[in-house]
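**Q** Sharing a structure, written as structure tokens. Questions coming.
The values are calculated or read from the model by the stated rules, or taken from the named source; none is laboratory data. Here the structure is a predicted model, which means the values were calculated and not measured. Every residue, glycine as well, gets a Cβ built from its backbone with ideal geometry; the counts of neighbours run over all protein chains shown. For the accessible areas, the whole protein counts, side chains as well, though only heavy atoms, and no ligand, DNA or RNA atoms are used. Shrake-Rupley method; radii C 1.70, N 1.55, O 1.52, S 1.80 Å.
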Amino acid sequence: MIFIILVITIPIIIKVIWVMCATYGHGKLDKEEKEIIRRAKYLLSKVVTSPEQLFNEMPNGIGTQFQGEWALYTCSMTSAAMANIAMLFPHHRDMAIKNIERIIDIALSTKIREYDSVSWHEDPLVSLKGNNSHMSYLSHITWMMGRFKQIGGGDKYDFLYHAICEAMHRRMLLSPSLNLETYPNENIYLPDSWWLLSRSQTIQNYITGNINLLLTNGWKEQKQNGQTRKQDYWLRFYPKIIIALPLYCP
């Protein structure tokens, strides 16, 4: 018993000491504000530009599909950083709202969503009434809009925000595995499914309160009926993890 306790305790102690040493001398958050804003301005100088310029910032070697994907994800991560800054430093809120709005408009451009349009042979925003996934593009767009609203950005995107949410909710329920493909004719990628459920802010508008019922019962019924596709078999082990992740919708 003592041996087991030591095996568990010693690595924790080592980790604590390592973290203390690695962070020694770091200033408090209010003292690091200047550096945080400096880094934010650098990111904005690269991201808040024309859609074409942002696309061209992505490495050519990964191909046009992933150039577009990386450009979108860059917009997504930068908007998240700006929203976090607004929450940490409320006096920067107006600056954050302004820049997230500009980033969303870039992400909504034909150029940035082209990678998804080419993959699915249809525009992700024009085809919201359809049943093709478009998860890669739509989940990040809703997340950006959600963070925009979270910090007080207003209702500029509300109509599209909720239209996308309705489409994603409907598509999830129509999917045999209750998960959506990132790209057509490919396996379902669990990290992307986690992203959709845990980070896409608007989805909760349509599954709030019913998420456990809809998803848990769906997965349970699917397992009992043996309907899980071979490439999705591992999803049976993760529903509780996925639905336990926190969701937020302003």
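**Q** Applying the selection to segment 103-113, what residues are surrounded by fewer than 19 Cβ atoms within 10 Å (Cβ to Cβ) and in a helix (DSSP H, G or I)?
**A** Residues satisfying the conditions are D105, T110, K111.
**Q** Being in a helix (DSSP H, G or I) and either modelled with pLDDT of 80 or more or within 27 Å of the chain's Cα centre (by Cα) (or both) is the filter here; which residues of segment 20-42 pass it? Step through it out loud before you land on a result.
**A** Within segment 20-42, the subset in a helix (DSSP H, G or I) is 20-23, 29-31, 33-42.
Result: L29, E33, K34, E35, I36, I37, R38, R39, A40, K41, Y42.
**Q** Next question, about the same structure. For segment 144-168, give me the residue count where each residue is over 23 Å from I97 (Cα atoms) and either open to solvent by 50 Å² or more (accessible area, probe 1.4 Å) or at pLDDT 90 or above (or both). Working first, answer last.
**A** From segment 144-168, those over 23 Å from I97 (Cα atoms) are 166-168; that's our starting set.
Now restrict to residues that are either open to solvent by 50 Å² or more (accessible area, probe 1.4 Å) or at pLDDT 90 or above (or both): 166.
Number of matching residues: 1.
**Q** Now a separate question. Would you mind telling me which numbered condition in (1) open to solvent by less than 30 Å² (accessible area, probe 1.4 Å); (2) out of contact with any Phe, Trp or Tyr (no Cβ under 8 Å at 6 or more places or on another chain) M87 fails?
**A** Failing condition for M87: (1).
**Q** If you scan segment 169-191, which residues turn out to be surrounded by 17 or more Cβ atoms within 10 Å (Cβ to Cβ) and more than 15 Å from N132 (Cβ to Cβ)?
**A** Passing the criteria: S177, L178.
**Q** Note down all Cβ pairs under 7 Å where the first residue falls in segment 171-200 and is part of a loop (DSSP other than H, G, I, E, B), the second is modelled with pLDDT of 80 or more and β-branched (V, I, T), and they're at least six residues apart or on different chains.
**A** Note: pairs meeting the criteria are Y189/T182; S200/T142.
**Q** Go through the residues of segment 65-76 one by one and say whether even a single one is surrounded by fewer than 15 Cβ atoms within 10 Å (Cβ to Cβ) and free of Cβ contacts under 8 Å to residues at least 12 places away in the same chain.
**A** Taking every residue of segment 65-76 in turn, none turns out to be surrounded by fewer than 15 Cβ atoms within 10 Å (Cβ to Cβ) and free of Cβ contacts under 8 Å to residues at least 12 places away in the same chain.
**Q** Take E122 and decide whether it is in contact with a Lys or Arg (Cβ under 8 Å, 6 or more places away or on another chain) and among the acidic types (D, E). Give the derivation first.
**A** Numbers: in contact with a Lys or Arg (Cβ under 8 Å, 6 or more places away or on another chain): no; among the acidic types (D, E): yes.
The answer is no for E122.
**Q** In addition: Quick one: in segment 31-64, which of the residues that are among the β-branched types (V, I, T) and over 18 Å from I112 (Cβ atoms) is most open to solvent (accessible area, probe 1.4 Å)? Please lay out each step first, then the result.
**A** Restricting attention to segment 31-64, the residues satisfying the condition of being among the β-branched types (V, I, T) are 36-37, 47-49, 62, 64.
Next, only the ones that are over 18 Å from I112 (Cβ atoms) stay: 36-37.
Working: I36: 48, I37: 21 Å².
Top of the filtered list is I36.
**Q** For residues in segment 117-143 being in a helix (DSSP H, G or I) and over 16 Å from the mean Cα position of the chain (by Cα), which is surrounded by the fewest Cβ atoms within 10 Å (Cβ to Cβ)? Lay out the reasoning, then the answer.
**A** Here is the first cut: in segment 117-143, the ones in a helix (DSSP H, G or I) are 117-120, 135-143.
Add one more test, that the residue is over 16 Å from the mean Cα position of the chain (by Cα), and what stays is 117-120.
Values: S117: 18, V118: 12, S119: 23, W120: 19.
Taking the candidates together, the pick is V118.
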